[in-house]
1. Could you pull the Cα extents of region A:24-72 along its three principal axes, largest to smallest, in whole Å?
2. Evaluated at 10 °C with a viscosity of 1.306 mPa s, what Stokes-Einstein diffusion coefficient in µm²/s does region B:65-114 have when Rh comes from the Kirkwood expression over alpha-carbon pairs?
3. Assign one of three labels to chain B, namely rounded, prolate or oblate, based on the Cα gyration tensor with a ≥ b ≥ c the square roots of its eigenvalues; rounded applies when a/c is under 1.5, prolate when it is not and a/b is larger than b/c, and oblate otherwise.
4. If packing is taken as the average count of other Cβ atoms within 10 Å, what order do A:44-54, A:12-22 fall into, highest mean first?
5. Hey, what's the Kirkwood Rh for chain A if you take every pair of different alpha carbons, in angstrom?
6. As a test of understanding, state the convex hull volume per residue of region A:52-114 from its alpha carbons, in Å³.
7. Round to a whole angstrom and tell me the spacing of the C-alpha centers of region B:46-72 and region A:73-114.
8. Take every DSSP beta bridge whose two residues both sit in the protein assembly as shown, then give the antiparallel share in percent to the nearest 5.
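No value in this document is a laboratory result; all are computed from the given coordinates. These numbers were taken from a predicted model, which means no experiment stands behind them. In this analysis, Cβ positions are derived from the backbone assuming ideal geometry, glycine residues included, and neighbour counts consider all displayed protein chains.
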Amino acid sequence: TQLLEQSPQFLSIQEGENLTVYCNSSSVFSSLQWYRQEPGEGPVLLVTVVTGGEVKKLKRLTFQFGDARKDSSLHITAAQPGDTGLYLCAGATLVDFGNEKLTFGTGTRLTIIP
Amino acid sequence: DTGVSQDPRHKITKRGQNVTFRCDPISEHNRLYWYRQTLGQGPEFLTYFQNEAQLEKSRLLSDRFSAERPKGSFSTLEIQRTEQGDSAMYLCASRGGGSTDTQYFGPGTRLTVL
């Protein structure tokens, strides 16, 4: 069974601080996706990383895929209250019939205090 | 709005009743997924359709659960004889036909079984 562990599970920091969320697995994935989910809503895709060692930036968010494609990190610079939410990583594995199986991490609940 | 839509957004039912949820995917997407998300957890895969064919079912999908996608467009998920343990957010996602396409999630249906 593929497992994705996210750390920390909960993080509460002051506005303006930096933070890093980690997503680790013993399995290799074809790609890794990061989602943000608001209460009562579905996950919204932030980024997909495909190549080992890949780094993608989305404004103040920096995503990195590990060289071995087993782990990833999300770094937020100068956090703002609008960054508050549940951050989910999901590892993708291509299986039969063109199916992409997503295995989700347990999530990191981030609260930015104004 | 051209995103994934789900109906209803909230459903409260009594134990033992049957419920049915609907998912309308992004129109050009031929792949459709159902997930279940319980409080404090990431989504867990339930089942997958490519066009109208149901190609994979998780062991989480007991025989009280049935999903259909009769014309390869919208999909329904039915739960018979609901139990309190079925209380969760049920998420639908759709994906295009390319091997690198990603899944886009709907807003979910929150089910509460009393």
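1. That gives 34, 24, 14 Å along the principal axes, largest extent first.
2. Working: Rh = 12.8 Å.
Roughly 124 µm²/s, to the nearest whole number.
3. Working: a/c = 1.77, a/b = 1.65, b/c = 1.08.
It comes out prolate by the Cα gyration axes.
4. Details: A:44-54: 15.7, A:12-22: 13.9.
For the peptides A:44-54, A:12-22, the packing ranking is A:44-54, A:12-22.
5. Numbers: mean 1/r = 0.0704 Å⁻¹.
Its Kirkwood hydrodynamic radius stands at 14.2 Å.
6. Details: hull volume 6.3 nm³, N = 63.
Convex hull volume per residue, Cα atoms: 101 Å³.
7. When both Cα centres are located, 25 Å separates them.
8. Working: 72 of 81 bridges.
For the protein assembly as shown, the DSSP antiparallel bridge percentage is about 90.
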